[in-house]
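In what follows, a single structure is set out as structure tokens and then discussed.
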């Protein structure tokens, strides 16, 4: 039994640089996070012992577990399966998304080349899913293993048949995309996709009603789709201080929708049940990713920690630069 209203901070695992993503290991023993210093950081949850894994050249964009092997991908596109293989350029441009098939034998990637790709466990390309007009930001496999969904910058979610590679249908999530007349760039996109355990609902997170393309302030939003009918339910927040995207969405074991959010002033972890407004929220600095422990009773979030002024860090002098930091925060439910 879980009770989100009683969610309690259990532990904070600090790191010297910003963290972009986090996952629990399938055995539940470790938390693994990607950092802007091109390292993958692993913590033993019992002892707190920390190990930094090398191999990337730039920001680590995503981590996942392919069975008991760790996958990690950086923004330049290098994809590593620890102690097995590495792919130098799985996408022509930035790699932004990574998801593992429910049976653990395949995985998918998406990136700025507007294509999603399916790979075998040994790193061989199986199939491409082309046709998006915007960067592919998010991916999710249906729990039955027969479908893949992909979300892009312009708020389009595509449903693909996994074996044939054919497009089955599209969902219009343009509410998560903004482009004002004065904007210099598109803002928003489908930042995260997640199915519930039964595969009956698909949650899509992002940002609506962006006010500018500078710092991209707007309204964090989650849209939940009925998988069979496409009927949609919009979930939102009222906190003025959390004005960035809902960065990651997950379904808890009792059907509760949980999402992390980022903002110029602060971030949050929200929980929704039947109401379009959250039933509970945990505030803090910007939160970039969220994962659920295998026991279903704990959450991990990759959290921003400021060190000095905003932006990239603090300059204490010509010869000294103090970067911002990150942490993995663990909550028990």
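For residues in the stretch 1-15 being over 21 Å from the mean Cα position of the chain (by Cα) and surrounded by fewer than 14 Cβ atoms within 10 Å (Cβ to Cβ), which is nearest to residue 49 (Cα to Cα)?
8
(1) crowded, with 21+ Cβ neighbours inside 10 Å; (2) not in a strand (DSSP E or B): which one isn't true of residue 238, the others all being true?
Going through (1) crowded, with 21+ Cβ neighbours inside 10 Å; (2) not in a strand (DSSP E or B) one by one, residue 238 breaks only (1).
Looking only at residues that are modelled with pLDDT of 95 or more and part of a loop (DSSP other than H, G, I, E, B) in the stretch 193-228, which one is farthest from the chain's Cα centre (by Cα)?
228
Any residue in the stretch 13-29 that is in contact (Cβ under 8 Å) with a residue 60 or more places away in the chain sitting within a Cβ distance under 7 Å of a residue that is surrounded by fewer than 17 Cβ atoms within 10 Å (Cβ to Cβ)? List the pairs, counting only those 6 or more apart or interchain.
As it stands, the answer is 17/323; 24/294; 26/68; 26/294; 28/294; 28/295, since those pairs meet every condition given.
Which ones in the stretch 143-162 are under 17 Å from residue 100 (Cβ atoms) and surrounded by fewer than 17 Cβ atoms within 10 Å (Cβ to Cβ)?
Within the stretch 143-162, 143, 144, 145, 146 qualify.
Which of the residues spanning the stretch 62-83 are at pLDDT below 95 and more than 17 Å from the chain's Cα centre (by Cα)?
67, 68, 76, 78, 83
I'd like to check something: does the stretch 305-322 contain any residue that is at pLDDT 95 or above, more than 17 Å from residue 6 (Cα to Cα) and within 21 Å of the chain's Cα centre (by Cα)?
no
For the stretch 120-142, what are the residues that are buried (at least 20 other Cβ atoms within 10 Å of the Cβ) and free of Cβ contacts under 8 Å to residues at least 40 places away in the same chain?
The answer is 129, 132.
The values are calculated or read from the model by the stated rules, or taken from the named source; none is laboratory data. Everything quoted here is computed from the prediction, not taken from an experiment. Positions of Cβ are backbone-derived with ideal geometry, glycine not excepted, and every protein chain shown enters the neighbour counts.
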